[in-house]
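Notes follow once the structure below has been shown.
The values are calculated or read from the model by the stated rules, or taken from the named source; none is laboratory data. This is a predicted model, so every value here is computed, not measured. Cβ atoms come from the backbone with ideal geometry, glycine included; neighbour counts cover every protein chain shown.
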Amino acid sequence: DKLGEEKGLPRIADGMLFKGPQAYRRLLGAGVDAVVLTSPPYFHPEHFEAVVQAGKHCWLEKPVATDVHGTRRIEASGRKGAGKISMAVGFQSRYAEPYQEMVRRIHAGAIGNLVCGQTYYYTGVIKRKAKPGSPPLEARLRNWVFDRVLSGDILVEQNIHVLDIVNWVTQAHPVSALATGGKKARMDVDCWDHYSVTYTYPGGAHVAFTSTQFKNSYDARAQRFMGTKGFAEATFGKGGVRIVGEEPWDAGVEEGFGPAVPRKVTAFLQGILTGALQNEIAGGVESTLTAILGRTAAYEGKERTWEQVANSNARWKETIDLSRLVERRGA
């Protein structure tokens with residue numbers, strides 16, 4: 001209610017507020033037209049299946065799942081919903097106009113053949129804490145961004161944004177990944193605090209990816225693509241979007257991301273209202289698997305191919321039983 005008041009939005013009726021593990025089912029039966037899935041990504045496959053079954057339009061936040069098995073469930077649900085409902089995935093960068101123009105020019109040959117690339121996602125600590133005295137399962141759910149099973153680890157949950165841009169630019173997914181990473185600065189949570197991955201894309205182009213998520217870390221997100229005719233550079237924050245080389249171009253903006261989020265929201269709503277239904281599931285699955293490929297290579301400490309990981313149907317050994325939460329909290 002406080003946030004709604006700050007934004008000038010009407011108060012949500014008490015009858016439209018649902019709690020507990022089955023809340024999503026009660027919501028789907030409450031006469032809504034569209035659903036935004038922002039639950040911990042571990043639950044996305046289960047929740048998305050129910051949304052598609054109910055015939056509701058869906059904005060599915062990234063990542064679409066946290067393991068390979070989950071991506072296959074999402075993929076199957078996406079096939080069932082195709083042509084019937086709008087299905088968006090939360091990759092807002094694709095709706096930033098400077099990025100769109102940069103990618104259009106790259107695809108038109110502005111930098112020539114891609115030789116190599118660089119992308120990184122450096123950020124500080126995410127401030128999220130469970131209430132003191134919360135039961136263990138509730139605390140884990142409230143702290144889901146720090147939990148590898150629930151979030152997919154920082155590479156899959158957060159860093160996926162920049163990897164999605166690489167796939168967009170290359171119009172492909174990587175064929176292999178060689179990676180490392182670990183926990184050296186932030187020891188109080190489950191997730192790793194840094195990654196370093198070399199992705200190999202079709203044609204032999206290597207893209208170096210690095211990320212951090214800990215206190216006092218350097219804060220920056222960017223992509224650079226080096227080709228035979230020049231290079232392209234794009235930043236999430238200050239730094240702009242440009243191409244340097246034989247076909248120079250500059251977006252003329254200080255911040256490349258801009259109003260990408262409202263543009264994506266508008267596109268989602270317009271698609272529903274006009275009947276031009278969106279279907280971003282295939283791209284969402286591909287980018288999620290790209291992140292999982294890098295994570296798997298880092299966890300195992302060896303090079304892994306796309307076929308090995310994408311065809312493995314691997315899933316977390318642990319399952320999270322929310323019925324215990326009901327018993328404890330009476331939700």
Does the stretch 232-242 hold any residues that are modelled with pLDDT of 95 or more and either surrounded by fewer than 13 Cβ atoms within 10 Å (Cβ to Cβ) or in contact with a Lys or Arg (Cβ under 6 Å, 6 or more places away or on another chain) (or both), and which are they? E233
Every residue in the stretch 243-252 that is in contact (Cβ under 8 Å) with a residue 40 or more places away in the chain, in contact with a Gly (Cβ under 9 Å, 6 or more places away or on another chain) and not aliphatic (A, V, I, L, M), please. G245, E246, E247
Determine if the stretch 90-99 includes at least one residue that is in contact (Cβ under 8 Å) with a residue 24 or more places away in the chain, outside any helix (DSSP H, G or I) and within 15 Å of the chain's Cα centre (by Cα). yes
Would you mind telling me which numbered condition in (1) in contact (Cβ under 8 Å) with a residue 60 or more places away in the chain; (2) surrounded by 20 or more Cβ atoms within 10 Å (Cβ to Cβ); (3) not in a strand (DSSP E or B) V52 fails? (1)
Just one listed residue, out of V156, V166, V162, is of a type in the set (V, I, T), closer than 25 Å to A234 by Cβ, at pLDDT 95 or above and in contact with a helix residue (DSSP H, G or I) (Cβ under 7 Å, 6 or more places away or on another chain), and it is V156
Against the condition among the aliphatic types (A, V, I, L, M), under 30 Å from R79 (Cα atoms) and in a helix (DSSP H, G or I), how does A298 come out, does it pass? no
Among (1) touching a helix residue (DSSP H, G or I) at 6+ places or on another chain (Cβ under 6 Å); (2) touching a residue at least 40 places away in the same chain (Cβ under 8 Å) - the single one R128 does not satisfy: (2)
Of the conditions (1) part of a helix (DSSP H, G or I); (2) touching a helix residue (DSSP H, G or I) at 6+ places or on another chain (Cβ under 9 Å); (3) of a type outside the set (D, E), A65 clears all except one; give me its number. (1)
In the stretch 1-46, which residues are closer than 22 Å to F91 by Cβ, in a loop (DSSP other than H, G, I, E, B) and touching a residue at least 24 places away in the same chain (Cβ under 8 Å)? P40
Take G124 and tell me if it is in contact with a Ser or Thr (Cβ under 6 Å, 6 or more places away or on another chain) and surrounded by fewer than 18 Cβ atoms within 10 Å (Cβ to Cβ). yes
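Any residue in the stretch 260-270 that is in a loop (DSSP other than H, G, I, E, B), of a type in the set (S, T, Y), at pLDDT 95 or above and surrounded by fewer than 20 Cβ atoms within 10 Å (Cβ to Cβ)?
No, that holds for no residue.
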Subset tally (residues that are aromatic (F, W, Y) and in contact with a Leu (Cβ under 8 Å, 6 or more places away or on another chain)) for the stretch 164-198: 2
